[in-house]
Amino acid sequence: MRYRSGIGYDVHQFAEGRRLILGGVEIPHDRGLAGHSDADVLSHAIADAILGAIGQPDIGYWFPPSDDSIEGISSLKILAKAAELVKEAGGRIENVDSTLIAEEPRVMKFAPAMKAAIAGALGITPGDVGIKATTNETMGFVGRREGIAALATVSVAMA
């Protein structure tokens, strides 16, 4: 067995008139995030980390914003596709660790539901998914409450 790791990063700006989806869970907030899909910044960072661990292109390759047929797609489907690619490569997702970076809203009370949704999409247990949150100490676009960023690392065991 050999182990591989991947790193993912994503950012989306806030947008009026959209639902805020993080980790596959709708979070009550006055604004959502702009994007071609549901703009789930956390799931996108995790998907990119998974794809990186197995040497695949990022989610923009698999789910291009130019494809109108996937507009509004649930990012849990993006995670499920990433997990499918891991299996096809002979691997198994061992661990996900992630961090949301946002001044608002406060999200940690939703972490158990996010962990369950992410784990379900990936075919792993919620205990194998880490979710943390921090602010940007009022600095930069996140600090000005213009959007949300997310980081993720993933470990994959390869046969």
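Throughout, read-outs are computed from the coordinates displayed, never taken from laboratory work. None of the values given here were measured: they were computed from a predicted structure.
If you run the Gaussian network model on the chain, springs between alpha carbon atoms under 10 Å, then out of Ile73, Ile118, Ile148 the most flexible one is Ile73. Over the chain, Cα pairs under 8 Å with separation of 6+ residues give a relative contact order of 34 percent.
For the stretch 1-72, what is the Kirkwood hydrodynamic radius in Å, using each pair of distinct C-alpha atoms? Kirkwood hydrodynamic radius for the stretch 1-72: 13.1 Å.
Based on Cα contacts under 8 Å between residues 6+ apart, the stretch 71-159 shows a relative contact order of 42 percent. Counting only the Cα atoms, the chain fills a convex hull of 99 Å³ per residue.
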